[in-house]
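Values quoted throughout were computed directly from the atomic coordinates according to the rules given, and no laboratory measurement underlies them. All values derive from a computational prediction rather than experimental measurement. So basically every Cβ, Gly included, is an ideal-geometry build from the backbone, and we count neighbours across all protein chains shown.
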């Protein structure tokens with residue numbers, strides 16, 4: 001684990017330049033305002049869900065801080081680690097940070113799995129499952145789980161090259177053509193149906209092992225995941241879309 005006093009931090013990068021200020025954030029994570037420190041880390045080290053080279057050095061420190069907390073208090077720390085692990089097009093991990101980073105992911109995964117049983121709200125349950133997916137090497141699954149909390153997703157029809165928007169809050173969920181010229185969704189909304197079962201998608205089938213540990217949230221989450229594993233008609237060309245594969249994340 002990279003020492004917080006190491007000059008190496010200034011050679012690493014975050015979203016706004018050299019990462020010499022990241023050690024101060026990590027110190028605050030332990031001895032200051034942890035919530036503010038995590039917000040700061042999200043803002044510069046994992047800006048808008050991205051990853052930076054400094055993120056790989058920060059993750060071992062965040063996991064170590066999580067290990068000192070109760071399982072119920074570690075969710076936000078582990079969520080940060082999951083965001084880094086599921087980033088789109090992340091930079092290459094520097095060789096000198098690789099071993100500590102991967103070891104931290106393994107320890108973080110153990111904590112995240114242990115904590116699945118103690119999530120009180122549906123939102124926390126989804127966030128916990130998202131973290132488990134990310135730390136298990138399933139970044140696509142983790143990014144799609146975010147949409148369950150956002151209740152919306154962007155899709156792309158491979159048949160007609162049309163951008164679509166999916167409303168997960170609607171029952172049944174709906175697809176709409178995205179009108180880029182006017183910056184919004186068109187009024188054309190088509191309900192879509194889901195396939196029975198999740199075995200056709202390896203990522204969603206993999207989640208079954210963990211969903212059963214979410215107690216009272218299991219039924220709702222199984223229904224939501226069935227939607228993600230379904231198909232729907234493109235409102236532009238009518239072609240049947242594999243929802244999971246058409247996801248733009």
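In plain terms, the residue of 16, 122, 56 with the fewest other Cβ atoms within 10 Å comes first and the most crowded comes last, giving 16, 122, 56. Give the separation of the Cα centroids, segment 113-179 to segment 8-66, in Å. Computed from Cα coordinates, the inter-centre distance equals 25 Å.
Shape call for segment 7-137 from the C-alpha gyration tensor, a ≥ b ≥ c root eigenvalues: rounded (a/c under 1.5), prolate (a/b greater than b/c) or oblate?
Working: a/c = 1.74, a/b = 1.46, b/c = 1.19.
Prolate.
Fewest first, what order do 136, 70 take by the number of other Cβ atoms within 10 Å?
Listed from fewest to most nearby Cβ atoms, that is 70, 136.
Where only DSSP H runs of four or more residues are counted, the chain gives -14500 deg cm²/dmol as its mean residue ellipticity at 222 nm, each run worth -39500 (n - 2.57).
Using C-alpha pairs under 8 Å with a sequence gap of at least 6, the mean separation divided by the residue count of the chain gives a relative contact order of 14 percent. With springs only between Cα atoms under 10 Å apart, run a GNM on the chain and tell me which of 148, 214, 69 wobbles the most. Highest fluctuation among the options: 69.
A Cα-only calculation for the chain places Rg and Dmax at 19.5, 59 Å.
Between 0 and 90 degrees, the angle of helix 139-150 with respect to the longest Cα principal axis of the chain falls at about 70 degrees. Between 0 and 90 degrees, the angle of helix 122-135 with respect to the longest Cα principal axis of the chain falls at about 70 degrees.
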